[in-house]
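Peer 1: I am attaching a structure below and will ask some questions about it afterwards.
The values are calculated or read from the model by the stated rules, or taken from the named source; none is laboratory data. Everything numeric in this text was worked out from a predicted model, so none of it was measured. Because the Cβ atoms are built from the backbone with ideal geometry, glycine has one as well, and the counts that use them run over all protein chains shown.
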Amino acid sequence: MTDATTETSEPTFGGKLMLDFITDHLEAEKAEDIVIIDLADKSSMADYMVVCSGRSARQVGSLAEKLSANLKIDHEIFSRIEGKTAGDWVLLDAGDVIVHIFRPEVREFYQLEKMWLSSDEATALMSARPES
């Protein structure tokens with residue numbers, strides 16, 4: 001006999017689980033140069049930030065749209081999207097994870113990663129990138 005108050009202890013979908021889902025999705029959809037920034041001890045707005053690139057404005061919008069749809073369908077996460085119509089820089093806010101999707105030249109201009117990484121991390125990241 002089981003107790004009616006006993007619940008399964010499945011982990012909640014958020015934090016690292018959400019991050020893994022998002023990065024797997026972005027990789028499968030051919031997003032480029034995916035960078036994960038741990039926001040612990042940096043900000044209370046989210047647990048992680050993901051920055052990546054799409055090859056064109058169309059792909060940038062598509063990456064955000066498909067990711068938002070999959071979060072909703074697979075995990076009942078309703079995300080907000082900003083900037084999809086222009087397609088240069090799209091922000092997707094999924095709560096625990098914030099995703100920035102750029103066209104490469106826009107990403108290079110803003111260098112968002114440098115604002116959130118330590119100077120050592122940013123230097124290592126920039127030196128590891130191929131020359132354009």
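Peer 1: Report, by residue number, each residue of the range 11-34 that is assigned to a loop (DSSP other than H, G, I, E, B) and either over 15 Å from Ser68 (Cα atoms) or modelled with pLDDT under 95 (or both).
Peer 2: Initially, the range 11-34 is screened for residues assigned to a loop (DSSP other than H, G, I, E, B), giving 11-14, 29-31.
Listed by number, the residues that qualify are Pro11, Thr12, Phe13, Gly14, Lys30.
Peer 1: Suppose we filter Ile77, Ile37, Ile101 for residues that are at negative phi, touching a residue at least 24 places away in the same chain (Cβ under 8 Å), in a loop (DSSP other than H, G, I, E, B) and among the β-branched types (Val, Ile, Thr); which single one remains?
Peer 2: Details: Ile37 fails: in a loop (DSSP other than H, G, I, E, B); Ile101 fails: in a loop (DSSP other than H, G, I, E, B).
The unique qualifying residue is Ile77.
Peer 1: Here's something else I'd like to know. For the subset of the range 47-64 comprising residues that are crowded, with 20+ Cβ neighbours inside 10 Å and among the small types (Gly, Ala, Ser), which member is nearest to Ala94 (Cα to Cα)?
Peer 2: Ala64
Peer 1: Let me ask something else. Hey, Ile73 hits all of (1) under 22 Å from Phe21 (Cβ atoms); (2) in contact with a Ser or Thr (Cβ under 9 Å, 6 or more places away or on another chain); (3) surrounded by fewer than 17 Cβ atoms within 10 Å (Cβ to Cβ); (4) not acidic (Asp, Glu) but one; which does it fall short on?
Peer 2: (2)
Peer 1: Quick one: how many residues across the range 12-39 are surrounded by fewer than 18 Cβ atoms within 10 Å (Cβ to Cβ) and either within 11 Å of Trp116 (Cα to Cα) or acidic (Asp, Glu) (or both)?
Peer 2: Number of matching residues: 9.
Peer 1: Just for the range 103-117: of the residues that are surrounded by 15 or more Cβ atoms within 10 Å (Cβ to Cβ) and closer than 30 Å to Thr12 by Cβ, which one is modelled with the lowest pLDDT?
Peer 2: Among those that are surrounded by 15 or more Cβ atoms within 10 Å (Cβ to Cβ) and closer than 30 Å to Thr12 by Cβ, it is Leu117.
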